[in-house]
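The values are calculated or read from the model by the stated rules, or taken from the named source; none is laboratory data. All values reported here derive from a predicted model rather than from experimental measurement. Here the Cβ positions follow ideal geometry from the backbone for every residue, glycine too, while neighbour counts run over all protein chains shown. Calculation scope for accessible area: heavy atoms of the full protein, side chains included, ligands and nucleic acids excluded. Shrake-Rupley method; radii C 1.70, N 1.55, O 1.52, S 1.80 Å.
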Protein chains: 2
Amino acid sequence: MSDFPADPIAVVGGTGPQGRGLAYRLARAGHLVVLGSRDAGRAADAAGQLRTLPGVAAPVDGASNEDAARCAAIVLLAVPYQGHAELVASMADVLAGKLIISCVNPLGFDKGGPYGLSVAAGSAAEEAAGLVPSAAVVGAFHHLAAPLLLDPEADLSHEDVLVCGDDAEAKARVLALAADVTGGRAVDAGRLRLAAQLEPLTAVLISVNKRYRTRSGVALTGLSTAAAKEEVA
Amino acid sequence: MSDFPADPIAVVGGTGPQGRGLAYRLARAGHLVVLGSRDAGRAADAAGQLRTLPGVAAPVDGASNEDAARCAAIVLLAVPYQGHAELVASMADVLAGKLIISCVNPLGFDKGGPYGLSVAAGSAAEEAAGLVPSAAVVGAFHHLAAPLLLDPEADLSHEDVLVCGDDAEAKARVLALAADVTGGRAVDAGRLRLAAQLEPLTAVLISVNKRYRTRSGVALTGLSTAAAKEEVA
């Protein structure tokens, strides 16, 4: 694990609901978090709000996306897919050599509802890997509903976080972070290219949410808690 | 429901593990099933074997794929994706106007493991819909492990069957069949195009199976049993 020191964790796109939600859960687990935004002032405001939420056990700061990423060894990309490639390319120098966690979901919406966008690289995670070849990119956190992440009362321990990546050390690190975020299982889903399946699955969850008026997430059957934790250890 | 009489249900590709497994569970729930195969003799043999399994409550017959489909109002496609388009095109006349259930998973395998294949139509289910425009195509049963389907002792009631389709009546029919197959929840996942997400998700499950030495399946969080059943009713 020595290649990737624990803290701080930068959240690029940290003022969006998914970024704020993940930052909150990470801070509650004791991780130092720096929210990034195109507008450093908005990031500082969002960080100030997060600090008021129950259980925040570590400092939460705000900065520009670039400054946030510069000070962190682990960078969580929590940005909309629209503009993703341009943003990652513009930050390639500060992202070089780092552990990038992508929770980006390339989704489209039309009158038929949500659907998965076609991505030339296969997935947003692979797109980021292509733009920053020296980084270790791991896909995770695609399926956790932001309102639940941000709800201090919501128990997420029944949600599975499916984690994919090609760098074993980086993936092990993210599996541990995922268990911190939910208090539940983190599942090694396999190679990074399976992000092409994990990312657009969110379209199914959004469709189900609308139909059943809920906040759905994913759990796998056939997998004991012990099995998943053993894999992390 | 009057457009789609209940029985028999034809299983095209009914001698493969997925087809036999689903046929077994359907027969155990009292549905008359006709297994189809390119080789009618092999289909008859497989049907004979299924009839010996515990709890089979209805006749199980075997026939050529064409003859099986001809006698049924509901046709379950349980064939490998390789050759899928050719098979469906060759049967377009007998499939016309019927309820087609697709559990076809377009997957590739290489040294990196399983991955989702790129399908020009979006998904195998949409490919079938394009080839038989008068049929009502519904996607379902992508994620149930065949060895569990075939194991008389295996309880599948904790597995969610995610069902997608654009014909509400046909989808309601398949949601009811799915509940028969597992004894558990059937979830309306939305439009047929979401088969593009449901089908290749199986690559993730196979990857997890290998890593954790299990037979994984899918369950959604945030959805009560009551909510899912209410939708079916």
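Residue by residue along A:202-215, Cβ atoms of other protein chains within 10 Å of the local Cβ number 6 on average. Size descriptor for region B:52-116, Kirkwood hydrodynamic radius: 14.0 Å (Cα pairs only, one decimal). The rule of thumb for compact globular proteins, 2.2 N^0.38 Å, goes into the C-alpha radius of gyration of region A:1-134 1.05 times. Helices of chain A meeting both criteria, an alpha-carbon length of 15 angstrom or more along the long axis and an average Kyte-Doolittle score not below 0.5, with helices taken as full DSSP H segments, are A:168-182, A:201-212.
Once the 1.4 Å probe is applied to the protein heavy atoms, region B:9-232 comes out at 36 Å² accessible per residue. The rotation axis taking chain B to chain A passes closest to the C-beta of one chain B residue; that residue and the distance in whole Å read B:Ala219, 2. Placing a label point 7 Å from Cα along the Cα-to-Cβ direction at A:Asp110 gives distances to the equivalent points in the other copies of 3.0 nm, listed shortest first. Under the shape rule built on the C-alpha gyration tensor, where the axes satisfy a ≥ b ≥ c, region B:120-233 is oblate, since a/c reaches at least 1.5 while a/b does not exceed b/c. Taking the label point 7 Å along Cα→Cβ, A:Ser134 and its counterparts in the other copies are spaced 6.4 nm apart, in ascending order. In nanometres and ascending order, the distances from the A:Thr52 label point to those of the other copies are 7.2 (point 7 Å from Cα along Cα→Cβ).
Place the peptides B:212-220, B:112-120 in order of packing, highest mean first, counting for every residue the other Cβ atoms within 10 Å and averaging per peptide. It would help to have the intermediate numbers written out before the result.
Working: B:212-220: 19.7, B:112-120: 17.0.
Highest mean packing first, the order is B:212-220, B:112-120.
Computed on protein heavy atoms with a 1.4 Å probe, what is the summed buried accessible area for the chain pair B and A, in Å² to the nearest 100? It would help to have the intermediate numbers written out before the result.
Numbers: alone 10280 and 10300 Å², together 17360 Å².
Looking at B and A, the buried total is near 3200 Å².
Taking only the alpha-carbon positions of the protein assembly as shown and ignoring solvent, what does the Debye formula give for the base-10 log of I(q)/I(0) at q = 0.10, 0.13 Å⁻¹? Debye curve over Cα of the protein assembly as shown, log10 I(q)/I(0) at q = 0.10, 0.13 Å⁻¹: -0.71, -1.09. The mean number of partner chain beta-carbon atoms within 10 angstrom of a residue's beta-carbon across peptide B:114-120 is 3.
Going down the list A:Lys111/A:Lys171; A:Lys171/A:Lys210; A:Lys210/B:Lys171, which pairs span over 28 Å between their C-alpha atoms?
With Cα atoms farther than 28 Å apart: A:Lys111/A:Lys171; A:Lys171/A:Lys210.
Taking a ≥ b ≥ c as the square roots of the Cα gyration tensor eigenvalues, with a/c under 1.5 meaning rounded and otherwise prolate when a/b beats b/c, else oblate, which class fits region B:20-73? The shape class here is oblate.
Within 10 Å of each Cβ of A:183-191, how many other protein chain Cβ atoms are there on average?
On the way: counts 0, 1, 0, 0, 6, 4, 6, 12, 7.
For peptide A:183-191, the averaged partner shielding equals 4.
Simple spin-label estimate for A:Asp166 and B:Ala58 gives 4.8 nm between the two label positions (7 Å along the Cα-to-Cβ direction from each Cα). At q = 0.13, 0.15 Å⁻¹, what is the base-10 log of I(q)/I(0) for chain A according to the Debye formula with one equal point scatterer per Cα and no solvent? Please give it to two decimals. Those come out to -0.70, -0.97, one per q.
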